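What follows is a set of notes on a single structure, which appears directly below.
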Amino acid sequence: METMILFGLWCAGIGLYYVTFGRGRWRADMRDRRERLRNRTAQPISFSARMAFLLVSLVVLVVSLYKYQHDSQPHPGGLIVPLLFFGLFVLVEISRVMVPSDSMVFNPDDEWVMFLRARTLRIGYGTAIFVLCALGGILLYAPSLALVACPVGLAMALAVPACAYQVLDRRAAALQ
């Protein structure tokens, strides 16, 4: 409950700041972002920032799940905010794995991006199959760990193809 109150106060504080002090700057930033999207020059979030946010949200979720599991009177209200944060970063990472490129706008005519996308998806599917098999084994032999193993497996199934794409992209940049 305290986490939800803190999150609400944090959102209200940011909203109040933009309404009172940053109105002109916020409008200019939004105008710049729209213009960069139209010109196809918008850059996605960096790989290191995406991985850091994904791993931090994973750690917060795992700690929340552990606390939920070992509480004498568990209440699912403390899981809502960590689940939402983790879900947000999972969706961001899924979008970057599905459309890997240096631009925010997908270009279906870029053959190199399509080649890297195929490679990344192949690695991602292989990782997902491995994670599902591991989760099946965990469910059979240690069901108490399944609640924590699911988000860890999901994060791993997203982080491995993202790392593979980074490696492939850097190798290609070194060859050019």
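The values are calculated or read from the model by the stated rules, or taken from the named source; none is laboratory data. Keep in mind that this is a model prediction, so the values were computed, not measured. Glycine gets a Cβ as well: all are built from the backbone with ideal geometry, and neighbour counts include every protein chain shown. Remember, those area values only see protein heavy atoms, side chains included, never the ligands or the DNA or RNA. Shrake-Rupley method; radii C 1.70, N 1.55, O 1.52, S 1.80 Å.
Just to verify a result, which residue in segment 131-176, among those that are open to solvent by 60 Å² or more (accessible area, probe 1.4 Å) and of a type in the set (Gly, Ala, Ser), is nearest to Val56 (Cα to Cα)?
The extreme case among them is Ser144.
If we scan segment 65-79, do we find a residue that is open to solvent by 70 Å² or more (accessible area, probe 1.4 Å) and aliphatic (A, V, I, L, M)?
Scanning segment 65-79 turns up no residue that is open to solvent by 70 Å² or more (accessible area, probe 1.4 Å) and aliphatic (A, V, I, L, M).
Any chance you could count how many residues in segment 76-98 are over 14 Å from Leu158 (Cβ atoms) and free of Cβ contacts under 8 Å to residues at least 24 places away in the same chain?
Our first condition is that a residue be over 14 Å from Leu158 (Cβ atoms); within segment 76-98, this holds for 76-85.
Then keep just the ones that are free of Cβ contacts under 8 Å to residues at least 24 places away in the same chain; that gives 76, 79, 83-84.
Count: 4.
Select from segment 50-64 the residues that are open to solvent by 30 Å² or more (accessible area, probe 1.4 Å) and aliphatic (A, V, I, L, M) and write down the one among them that is farthest from Leu147 (Cα to Cα).
Only one residue fits best here, namely Ala52.
How many residues does segment 4-43 contain that are of a type in the set (Gly, Ala, Ser), surrounded by 11 or more Cβ atoms within 10 Å (Cβ to Cβ) and part of a helix (DSSP H, G or I)?
Residues meeting the conditions: 2.
How many residues are hydrophobic (A, V, I, L, M, F, W, C), within 10 Å of the chain's Cα centre (by Cα) and surrounded by fewer than 16 Cβ atoms within 10 Å (Cβ to Cβ) if we restrict to segment 80-91?
Count: 2.
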